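Trainee: Pasting a structure below so you can have a look.
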Amino acid sequence: MNTMFDERETSSPDRALELLARRILVVIPTLNEAAHIEDCLNSLMRGSAALSSVQVIVADGGSTDGTQDIVKGLSDKLSNVSLIDNPGRLQAAGVNAGAQLAEYGRDILVRCDAHADYPEDYVLNLALKLEETGAASVVVPMDAQGTICFQKANAWVVDTPLGSGGSAHRGGCISGYVDHGHHAAFRLEHFLRLGGYDETFSHNEDAEYDARLSQAGGKIYLDADIRVGYYPRTTISGLWRQYFGYGRGRARNLLKNGQRPRLRQLVPVLNLLLLAASFLAAFVLPLPLLLLLAWPVFYLGVLGLVSVWFVMVKKSLCGFWAGPALGAMHLSWGLGFLAGVFASMRARAV
């Protein structure tokens, strides 16, 4: 009798994880992610055998680089993985489409991004934390990493206060309740009740959802112990487009939900306006050029110091790209924010 009791006790944690796994739906929106999707899916399946009971949906927005073929091939080995079309193409539409296809009994939604590398038992740990906290959403910090020179510099600088403004989910190390973070796990019922993501947002759909969730009384918990490795953009042009979209999306979000911008969100905008005003004044005002261009010279100096600092700290010449990457983040985000404000104002005026 004692032997049977011991075996039952030993197997109970595995049984609990199996039951938890059967409640989880993972949705991965993709668009031309052939370079990352296989590693992403394999990382999500690392750990407990219970992970084979998690439902995984890849929502593809019309990839032309072979992403769909890779997923179909992997689904032959991973029977819990399926591929669906995402006609809306955007990440928001992909997650929404996948959420609608949750199998019976699945009440926990986990959003994953193909650009990320996930730690062992990632989705199970998220679900456990969701149950432990009773939160409506669990978010996690991102740790940027790179493989080529510009990507490395981009990764080094983005998680600093200069790059992220001190955002809690960018390399943060303190767990607790927050107003926004890198999206990970949701209570599916809440997600569907709020209508999921706003599919008109090409960027910042996560922050927009968090604003509505908070207004509805939902709590968001940041777990600093569950971390995601993230691969940022590999070119300065790609980084520029990304952060322009972030800035524009943030402006739309603030205006839509009646929020006030935080200081860290205003700094890139003020910097851009000061740079523009300085160059304009240099052509108009009869004052010493060095005085008129004091701010641009100071800002370029800061970017130069950032580059030198990362070269020294990382002992790599790739650090020279840190300054240009930081400048691209600041300027494109600020420009995108202003474009988002003007576009929203114009739309309201029509």
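Trainee: Could you check the range 73-97 and list, in sequence order, the residues that are farther than 21 Å from Ile108 by Cα and surrounded by fewer than 14 Cβ atoms within 10 Å (Cβ to Cβ)?
Mentor: Correct list: Gly73, Asp76, Lys77, Asp85, Pro87.
Trainee: Out of Arg106, Arg111, Arg23, Arg46, report the one residue that is at pLDDT 95 or above, of a type in the set (D, E, K, R) and touching a Pro at 6+ places or on another chain (Cβ under 9 Å).
Mentor: Result of the check over Arg106, Arg111, Arg23, Arg46: Arg111.
Trainee: Also: Do any helices (runs of 4 or more DSSP H) lying entirely in the range 248-329 carry at least 3 residues that are touching a helix residue (DSSP H, G or I) at 6+ places or on another chain (Cβ under 9 Å) and within 29 Å of Asp210 (Cα to Cα), and which ones are they?
Mentor: The qualifying helices (runs of 4 or more DSSP H) are 263-284.
Trainee: Kindly evaluate Ile70 against the criterion of being outside any helix (DSSP H, G or I) and either among the aromatic types (Phe, Trp, Tyr) or surrounded by 18 or more Cβ atoms within 10 Å (Cβ to Cβ) (or both).
Mentor: Spelling it out, it is not the case that Ile70 is outside any helix (DSSP H, G or I) and either among the aromatic types (Phe, Trp, Tyr) or surrounded by 18 or more Cβ atoms within 10 Å (Cβ to Cβ) (or both).
Trainee: Quick one: in the range 26-62, of everything that is buried (at least 18 other Cβ atoms within 10 Å of the Cβ) and either farther than 21 Å from Asp121 by Cα or not assigned by TED's automatic domain parsing to the domain that holds Gln100 (or both), which residue is nearest to the chain's Cα centre (by Cα)?
Mentor: Out of the qualifying residues, it is Thr30.
Trainee: Give the residues of the range 183-225 that are buried (at least 23 other Cβ atoms within 10 Å of the Cβ), over 14 Å from the mean Cα position of the chain (by Cα) and either among the acidic types (Asp, Glu) or not assigned by TED's automatic domain parsing to the domain that holds Leu101 (or both), sorted by residue number.
Mentor: Asp223
Trainee: Taking the criterion of being of a type in the set (D, E, K, R), closer than 30 Å to Asp14 by Cβ and modelled with pLDDT of 95 or more, would at least one residue in the range 140-153 satisfy it?
Mentor: No, the range 140-153 has no match at all.
Trainee: Within the range 77-162, considering only strands (runs of 3 or more DSSP E) that don't extend past its boundaries, which have at least 2 residues that are farther than 30 Å from Leu263 by Cβ and either touching a residue at least 24 places away in the same chain (Cβ under 8 Å) or not assigned by TED's automatic domain parsing to the domain that holds Gly217 (or both)? I'd like the intermediate steps shown before the answer.
Mentor: Values: elements: 81-85, 108-111, 137-140, 142-144.
Once the strands (runs of 3 or more DSSP E) in the range 77-162 are filtered for at least 2 residues that are farther than 30 Å from Leu263 by Cβ and either touching a residue at least 24 places away in the same chain (Cβ under 8 Å) or not assigned by TED's automatic domain parsing to the domain that holds Gly217 (or both), what remains is 81-85, 108-111.
Trainee: Also, I was wondering about something else. Surrounded by 16 or more Cβ atoms within 10 Å (Cβ to Cβ), of a type outside the set (D, E, K, R) and without any contact (Cβ under 8 Å) to a residue 60 or more places away in the chain: does that describe Asn271? Quick ask: steps written out before the conclusion?
Mentor: Numbers: surrounded by 16 or more Cβ atoms within 10 Å (Cβ to Cβ): yes; of a type outside the set (D, E, K, R): yes; without any contact (Cβ under 8 Å) to a residue 60 or more places away in the chain: no.
Answer is no for this residue.
The values are calculated or read from the model by the stated rules, or taken from the named source; none is laboratory data. None of these values were measured; they are calculated from a predicted model. Cβ sites come from the backbone with ideal geometry, for glycine too, and all protein chains shown count toward neighbours.
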